[in-house]
1. Test THR60 against the stated conditions and say whether it is touching a residue at least 12 places away in the same chain (Cβ under 8 Å) and open to solvent by 30 Å² or more (accessible area, probe 1.4 Å).
2. Please work out if TYR71 is of a type in the set (Phe, Trp, Tyr), closer than 30 Å to ARG122 by Cα and surrounded by fewer than 20 Cβ atoms within 10 Å (Cβ to Cβ).
3. Sort through ALA222, ALA207 and tell me the only one that's in contact with an Asp or Glu (Cβ under 9 Å, 6 or more places away or on another chain) and either of a type in the set (Gly, Ala, Ser) or modelled with pLDDT under 95 (or both).
4. Kindly indicate the residue of segment 123-149 that is open to solvent by 40 Å² or more (accessible area, probe 1.4 Å) and within 24 Å of ALA175 (Cα to Cα) and also nearest to the chain's Cα centre (by Cα) among those meeting that condition.
5. Quick check on segment 1-47: of everything there that is within 16 Å of the ligand (Cβ to nearest atom) and assigned to a loop (DSSP other than H, G, I, E, B), which residue is nearest to GLN83 (Cα to Cα)?
6. Hey, among the residues in segment 174-187 that are open to solvent by less than 30 Å² (accessible area, probe 1.4 Å) and without any contact (Cβ under 8 Å) to a residue 60 or more places away in the chain, which one's farthest from the ligand (Cβ to nearest atom)?
7. Just one of ARG171, ARG160, ARG230 is open to solvent by 40 Å² or more (accessible area, probe 1.4 Å), within 13 Å of the ligand (Cβ to nearest atom) and without any contact (Cβ under 8 Å) to a residue 60 or more places away in the chain; which is it?
Amino acid sequence: MRTVRTVAELRAALAEPRRNGRTVALVPTMGYLHDGHLSLIEAARKQADLVVVSLFVNPTQFNDAADLDAYPRDELRDAGLAQDAGADLLFAPSLQEVYPPGFTTQVRVDGPLTDTLEGAHRGADHFHGVTTVVTKLLNMVGPDLALFGQKDAQQALVIRRLAADLDLPTRVEVAPTVREPDGLALSSRNVRLAAEDRERALALSSALRAAQDALAAGTRDAATITLAARAAMTPFDVEPEYLALVDPEDLRPVGSVDQETLLAVAAHVGPVRLIDNTILNPNGRH
Ligand code: AMP
């Protein structure tokens, strides 16, 4: 695996394989790779001839300067993990390479997809930062396929919308959330949890499980399921920033879980803001 830092080097590295008809997959990441990222790289490996992993902590999608400062970084470690998972190229551009002086363009997905949930709490600018950098990365790499995680369910919907609206020639695929054995969704931010907060972080996955249990027991009413999910967080002394049952396509709130519904939760645990989600399926199987 090679590490490249400029768009010119990246395009030079991809030119010949592309001329030879080889397909390219992109896995965009902010680094500090964990098994969730690696599952995306492995899925990419199975579907494309060449796998590019991008590593860029994008400042424009952070609404909190302290969160950006504290975001874990370890490029050497990431390079080893990406290589072992089957990546061919690590694209690790500098801030100046992505946002050269004079940069002023934004790519925005507007409306409920970016206004609600994460958009309501972090500000819609968070998603504008995401869609701008993802558009740039897709233009830099020109992949046939790009992979994203269901862990960031709203982001995945926003990127699908972006790709459809702008006729992007890249197929967008979303892969399942990878969890710790005890249920905690893997996140680069988990390393910032102190031992006690690591326990409390189980509040989120416990809420999701309580909602699944309520559904399995026959409850369909969204308010009742939400109440059960919130109650499961109380013993951990964690208050959700939001906990919402919404349509998994347009993110509008639902009153009753009569078809597949997205349950999304966000909460601060100590100094770390965590998100998680699950799909509730009233017709069994999940
Ligand atoms: P990040 O580095 O956090 O921006 O994440 C890069 C990609 O990995 C995004 O598409 C995330 O949705 C995905 N991802 C993050 N955590 C997980 C996880 N636990 N399971 C699966 N995918 C994940």
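The values are calculated or read from the model by the stated rules, or taken from the named source; none is laboratory data. This one's a predicted model, so the numbers in the text were calculated from it and none came from an experiment. Cβ sites come from the backbone with ideal geometry, for glycine too, and all protein chains shown count toward neighbours. Accessible surface is based on the protein model in full, side chains and every heavy atom, while ligands, DNA and RNA are left aside. Shrake-Rupley method; radii C 1.70, N 1.55, O 1.52, S 1.80 Å.
1. Taking the combined requirement at face value, the residue satisfies it.
2. Answer is yes for this residue.
3. Numbers: ALA222 fails: in contact with an Asp or Glu (Cβ under 9 Å, 6 or more places away or on another chain).
Of ALA222, ALA207, the one residue that is in contact with an Asp or Glu (Cβ under 9 Å, 6 or more places away or on another chain) and either of a type in the set (Gly, Ala, Ser) or modelled with pLDDT under 95 (or both) is ALA207.
4. Only one residue fits best here, namely LYS136.
5. LEU33
6. GLY183
7. Among ARG171, ARG160, ARG230, only ARG160 is open to solvent by 40 Å² or more (accessible area, probe 1.4 Å), within 13 Å of the ligand (Cβ to nearest atom) and without any contact (Cβ under 8 Å) to a residue 60 or more places away in the chain.
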